[in-house]
Amino acid sequence: MSHEEGVAKVAALIKDIRTCMLTTVDEQGRLVSRPMAVQQVEFDGDLWFAIDEDSRKVHQVEADAEVGVAFSSNDAWVSVAGRAQVVHDLDKAKELWNPALTAWFPDGPETPGLALLRVEAESAEYWDTPGGKVTTLISYVKARVTGTRFDGGENEVVELS
């Protein structure tokens, strides 16, 4: 799969997923995951998040930029590995702004302490089961009845950088 095809496949799988899990490494070297709202821009290899510049995740990313981002829907799962950086860019914040962010940042993109987290995706692994739960269940039952191996759909690793 070419780089462009990989980016397009990941983009198609995550385009309607609104919340993901961002994993960072804490000061003791433990993995820490938390839900994050994905900013709705076309995936081009970068993921964007609105964050509080004084949050633990910011301090963790500044100490270790390697992060994981996990997405899940009814018929696909995507795990993205990449490098994160904190970005202070009012124009980009305005571009990414959506009304749902007002719950965390009541003064809009100009809210004091608002920063952006940019994750530059390096690779992704995905599991795609078109047809979702029903198709997965049928495949599982078929495997059990026939004694054949379960076919869980398409699973690939994509290099994105």
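The values are calculated or read from the model by the stated rules, or taken from the named source; none is laboratory data. Treat the numbers as computed from the prediction; the structure is a model and nothing was measured. Reconstructed Cβ throughout: ideal geometry from the backbone, glycine too, with neighbour counts over all protein chains shown. Heavy atoms of the whole protein, side chains included, go into the accessibility calculation; ligands, DNA and RNA do not. Shrake-Rupley method; radii C 1.70, N 1.55, O 1.52, S 1.80 Å.
Please express the Cα-Cα pair-distance distribution P(r) of segment 1-69 as a list of whole percents, one per 10 Å bin, running from 0 to the bin with the greatest distance.
19, 45, 29, 8
Using protein chains only and a probe of 1.4 angstrom, how many square angstrom of residue 2 are accessible, to the nearest 10?
Its accessible surface works out to 50 Å², give or take rounding.
Sorting 97, 48, 127 by accessible area (1.4 Å probe), largest first, what list results?
Final ranking, largest accessible area leading: 127, 97, 48.
If you plug each phi of segment 9-22 into the Karplus form 6.51 cos²θ - 1.76 cosθ + 1.60 with θ = phi - 60°, what whole-Hz ³J(HN,Hα) values come out, in order, with x for Gly and Pro?
Per residue, the Karplus-derived 3J(HN,Hα) values read 5, 4, 4, 5, 6, 9, 4, 9, 8, 8, 10, 10, 10, 9 Hz.
Restricting the calculation to Cα positions, tell me the Rg (one decimal) and the Dmax (whole number) of the chain in Å.
17.9, 61
On C-alpha positions alone, give me the angle between the axis of helix 132-146 and the longest principal axis of the chain, in degrees, nearest 10.
30 degrees
Net charge around residue 110, counting only other residues with Cβ within less than 15 Å of its Cβ (Lys, Arg = +1; Asp, Glu = -1)?
-4
Using only protein heavy atoms and a 1.4 Å probe, report how much of residue 36 is accessible, in Å² to the nearest 10.
20 Å²
Under 5 Å between amide hydrogens, which residues at least 5 positions from residue 122 or on another chain qualify, with H placed 1.01 Å from N in the peptide plane?
Long-range HN contacts for residue 122: 81, 82, 83.
First compute the accessible area of segment 36-86 with a 1.4 Å probe, then give the percent of it belonging to carbon and sulfur atoms.
Taking all protein chains in place, segment 36-86 shows 42 percent carbon and sulfur surface.
Roll a 1.4 Å probe over the protein chains and send me the accessible area per residue for the chain in Å².
The answer is 58 Å² per residue.
If all Cα-Cα distances of segment 51-125 are sorted into 10 Å bins from 0 onward, what percent lands in each bin, rounded to whole numbers?
Values per bin, smallest distances first: 18, 40, 36, 7.
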